[in-house]
Amino acid sequence: MSLEREPLPSTLGIAWRQGADHLRQAGVEEADADAELLLLYLLGISKAELLRDLRERFPVAKADAWLELLERRVNGVPVQYIIGEQYFFGRAFEVSESVLIPRPETELLAEAVLEVADRLWPDQAAPPVVLDVGTGSGILAVTLAAERPWWRVIASDLSPDAIGMARRNAQKQEVASRITFVKGDLLTPFLAGDEYPSIDVLVSNPPYIPSSDISGLQREVRDHEPRLALDGGEDGLNPYRIMAGQLSLMPVLPRVVAWEVGAGQADDVATLLRDAEVWDEIRFVKDYAGIDRHVIAVK
Ligand code: GLN
């Protein structure tokens with residue numbers, strides 16, 4: 001049953017239900033949640049307003065736009081790219097197809113960094129310098145700068161479009177003046193020693209999908225998220241291998257390394273870190289599925 005053959009939705013509640021049915025029939029997994037996000041976006045209202053106004057008339061003038069939004073989702077565009085937004089750590093971040101969509105498990109990386117750095121740098125007068133490599137939409141750098149206004153934060157990315165998006169998100173959260181944005185590859189900009197302060201905490205959620213696995217990803221990811229943000233080379237470990245090699249070339253070794261990793265990669269990444277340096281502690285943080293998702297090394 002296609003939506004076009006149904007009568008125009010008479011109320012917001014009916015539009016929501018019809019939209020969700022349409023997405024579900026097209027095989028969209030989160031049909032209810034996606035229909036809700038699209039409807040809020042279409043109408044420019046909050047969820048509370050939608051729930052309050054379920055029996056209000058659906059605006060006829062919005063009918064075509066509603067069908068268009070649903071069709072884009074049916075055609076595999078992730079809902080976050082359609083509405084241009086994803087929440088992370090309680091804040092709305094702008095996203096586009098030039099940056100990865102923030103994932104909920106990455107919030108656990110931000111949490112781990114806050115916890116370990118609070119322990120190592122308890123004095124607000126002597127804060128850490130934190131570098132977020134491959135910042136993408138800026139979620140990690142912006143979250144850390146917003147949660148700990150006294151930290152110094154640097155955000156880097158190879159993609160100028162990503163840097164632009166991260167800067168916009170920093171401006172929205174009013175932390176842009178406290179973040180230094182750097183265009184460059186992994187740790188390369190930070191090896192010289194004179195341009196930037198020495199890095200105390202190195203955070204990254206680098207691309208970690210093995211190149212040959214990309215074609216088998218969900219079409220939403222494969223066809224819409226930037227390959228630069230996904231492709232970690234032949235075994236997916238290239239960014240970790242390169243950064244571990246670059247660690248010893250840094251003017252001062254960071255005391256904390258906190259990296260998100262792909263499923264099954266935590267042991268290999270820990271080995272790369274141990275080969276590069278002696279750490280007091282290397283531990284893993286599990287994601288919501290119980291997979292070792294973050295590697296935290298402390299010295
Ligand atoms: N740091 C961003 C995030 O965690 C981007 C990561 C990436 O593009 N690999 O979402």
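The values are calculated or read from the model by the stated rules, or taken from the named source; none is laboratory data. Only a predicted model underlies this, so the values are computations on that prediction, with no experimental measurement involved. Positions of Cβ are backbone-derived with ideal geometry, glycine not excepted, and every protein chain shown enters the neighbour counts.
Would you call ARG103 under 26 Å from VAL285 (Cα atoms) and either at pLDDT below 95 or more than 10 Å from the ligand (Cβ to nearest atom) (or both)? No; evaluated as a whole, the condition is false for this residue. Just so you know, in region 222-243 the residues that are aliphatic (A, V, I, L, M) and touching a residue at least 60 places away in the same chain (Cβ under 8 Å) include one that is surrounded by the most Cβ atoms within 10 Å (Cβ to Cβ), and it is MET243. Checked against (1) over 24 Å from ASP223 (Cα atoms); (2) in contact (Cβ under 8 Å) with a residue 24 or more places away in the chain; (3) crowded, with 16+ Cβ neighbours inside 10 Å; (4) not assigned by TED's automatic domain parsing to the domain that holds THR143, LEU69 passes all but condition (1).
Put simply, of VAL142, VAL130 the only residue that is among the β-branched types (Val, Ile, Thr), modelled with pLDDT of 95 or more and farther than 15 Å from PHE190 by Cβ is VAL142. One residue is enough: does region 188-198 have a residue meeting the conditions within 14 Å of the ligand (Cβ to nearest atom), in the same structural domain as PRO104 (by TED's automatic domain parsing) and either under 13 Å from the mean Cα position of the chain (by Cα) or under 22 Å from VAL295 (Cβ atoms) (or both)? No.
Looking only at residues of region 219-266 that are part of a loop (DSSP other than H, G, I, E, B) and of a type in the set (S, T, N, Q), we find that the one that is farthest from the ligand (Cβ to nearest atom) is SER248. Return yes or no: is LEU109 on the phi < 0 side of the Ramachandran plot and either assigned by TED's automatic domain parsing to the domain that holds ALA31 or surrounded by fewer than 22 Cβ atoms within 10 Å (Cβ to Cβ) (or both)? No: the conditions fail for LEU109. Run down LEU50, LEU54, LEU70, LEU39 and say which single residue is touching a strand residue (DSSP E or B) at 6+ places or on another chain (Cβ under 9 Å) and more than 16 Å from the ligand (Cβ to nearest atom). Step by step, each of LEU50, LEU54, LEU70, LEU39 is checked, and only LEU54 is touching a strand residue (DSSP E or B) at 6+ places or on another chain (Cβ under 9 Å) and more than 16 Å from the ligand (Cβ to nearest atom).
Taken as a whole, the structure leaves ALA125 outside the set of residues that are assigned by TED's automatic domain parsing to the domain that holds ALA92 and either in contact with a Phe, Trp or Tyr (Cβ under 6 Å, 6 or more places away or on another chain) or buried (at least 18 other Cβ atoms within 10 Å of the Cβ) (or both).
Check whether at least one residue in region 126-142 is closer than 21 Å to ILE179 by Cβ, without any contact (Cβ under 8 Å) to a residue 12 or more places away in the chain and among the aliphatic types (A, V, I, L, M), and report yes or no. Yes: one or more hits.
Since GLU97 meets every condition but one in (1) farther than 13 Å from PHE181 by Cβ; (2) assigned to a strand (DSSP E or B); (3) under 15 Å from the mean Cα position of the chain (by Cα), which condition does it not meet? Of (1) farther than 13 Å from PHE181 by Cβ; (2) assigned to a strand (DSSP E or B); (3) under 15 Å from the mean Cα position of the chain (by Cα), only one is false for GLU97: (2).
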